[in-house]
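Each reported figure results from applying straightforward, stated rules to the coordinates on display, with no laboratory input. Here the structure is a predicted model, which is why all the values come from computation and not from measurement. Cβ placement follows ideal geometry from the backbone for every residue including glycine, while neighbour counts extend to all protein chains displayed.
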Amino acid sequence: MRRSRGSALILAVAVLALLTLLAAVYLTASNLERRSAVATNESVNLDLARDAVFALIQDRLYDDTLGGYT
């Protein structure tokens, strides 16, 4: 009887350790996913800003060269 209780305690501690390990892996994976999403969002924002600057430069060049002659 006493041996059975000791085995149950060891099994419970092992299951608790496994659950703790799984929780740590889940938190790490979700943190990496969040960082990846932030980096993707910043990249898209930079692309949009670059496109806006190029469009502004094109408009200014057009106005300076052909805009006054048409």
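What to note about this one:
- Kirkwood hydrodynamic radius of the chain, from inverse mean 1/r over distinct Cα pairs, in Å: 17.7 Å
- Ranking Leu19, Ser30, Val44 by how far each Cα lies toward the positive end of the dipole of the chain (charges on Cβ) leaves Leu19 at the top.
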